[in-house]
C-alpha cells in the first residue's frame with residue numbers, strides 16, 4: 001500500500017517533467033522538479049499554522065530583533081514562512097522569489113543549495129513557470145497524506161529517476177558509440193596515417209608491391225637496380241666467353 005502510494009506520487013511528479021521537454025534536456029529535469037518538490041512539501045507542512053504565523057509576525061515587527069524562535073514555536077516546526085503567498089496564491093501572483101524569501105534562514109539555506117533562482121529565470125523565459133507551478137499545486141504532500149518516511153522514499157525515488165539520464169550521458173561521454181563525432185576524427189586520422197605509411201613503403205618501380213611481401217621474399221629491394229655480375233671465370237669487358245679452368249679437359 002505504502003509502496004503503491006509512493007510510486008503514484010513519483011509518477012505524477014515525473015509527469016510534470018513532460019512540460020519541460022524541448023526547453024530542458026532530460027538530464028536537467030531534476031534541476032526544476034527536485035527543488036519544487038521540496039518547496040511543495042514545506043508549503044503543505046506549514047499550511048495549518050500559516051495564518052497564525054503571519055499574525056504573530058505582524059505583532060512582533062519592530063519589537064523583537066530575533067523573531068525566529070517565536071515564529072518557529074507558533075509554526076510548530078523548525079522553520080516558517082512570513083510571506084502571505086502559498087502555492088495556490090502563486091497561481092494568481094507568480095512572485096516565486098518573494099515567496100522563497102519569506103522562509104526562515106535554515107529553510108532558505110536548503111533551497112539555496114539547488115541554485116533554483118537560475119531555473120526560475122529560465123522557466124519564466126520559456127513561459128513554463130505558471131504551468132509547472134499549477135501542476136505542483138495539485139500535489140498533496142501534507143504529512144497526513146505523505147508521512148515523513150514516505151516523503152523520504154519518494155524523494156529518493158525521484159533522485160534515482162533523474163540520475164539515470166545523467167549516468168547515461170556520463171557513460172556516453174566516456175565511451176562514445178562508433179560513428180559518434182568524438183570517435184570520427186581520431187579514426188579518420190588513423191586511417192590516413194596507415195595509408196601514408198603504406199605509400200611510403202611501396203616499391204616505386206612496381207606500384208602496389210610493398211618492400212616486404214611475397215614477391216620480395218621478406219627482404220627489402222635495393223633503392224637502385226644493380227648491374228648483373230658476369231659468370232665465374234669471365235672478366236668484365238671480354239667479348240667472348242672463355243671456359244673456366246675447371247671446364248678444360250685434361
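Which of the residues that make up segment 18-27 are part of a helix (DSSP H, G or I) and buried (at least 17 other Cβ atoms within 10 Å of the Cβ)?
So the first thing to find is which residues in segment 18-27 are part of a helix (DSSP H, G or I), and the list is 18-20, 26-27.
Listed by number, the residues that qualify are 19, 20.
Out of 38, 2, report the one residue that is surrounded by fewer than 15 Cβ atoms within 10 Å (Cβ to Cβ) and in contact (Cβ under 8 Å) with a residue 24 or more places away in the chain.
2
Conditions tested, residue by residue: (1) touching a strand residue (DSSP E or B) at 6+ places or on another chain (Cβ under 8 Å); (2) at pLDDT 95 or above; (3) surrounded by fewer than 18 Cβ atoms within 10 Å (Cβ to Cβ).
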site	(1), (2), (3)
42	yes, yes, no
46	yes, yes, no
52	no, yes, yes
61	no, no, yes
68	no, no, yes
80	yes, yes, no
84	no, no, yes
87	no, no, no
90	no, no, no
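Quick check on segment 8-17. Is at least one of its residues part of a helix (DSSP H, G or I) and modelled with pLDDT of 90 or more?
Among the residues of segment 8-17, not one is part of a helix (DSSP H, G or I) and modelled with pLDDT of 90 or more, which makes the answer no.
Scan (1) under 14 Å from residue 141 (Cα atoms); (2) crowded, with 19+ Cβ neighbours inside 10 Å; (3) out of contact with any strand residue (DSSP E or B) (no Cβ under 6 Å at 6 or more places or on another chain) for the single condition residue 32 breaks and write down its number.
Failing condition for residue 32: (1).
The values are calculated or read from the model by the stated rules, or taken from the named source; none is laboratory data. This one's a predicted model, so the numbers in the text were calculated from it and none came from an experiment. Note: ideal-geometry Cβ built from the backbone for every residue, glycine included; neighbour counts use all protein chains shown.
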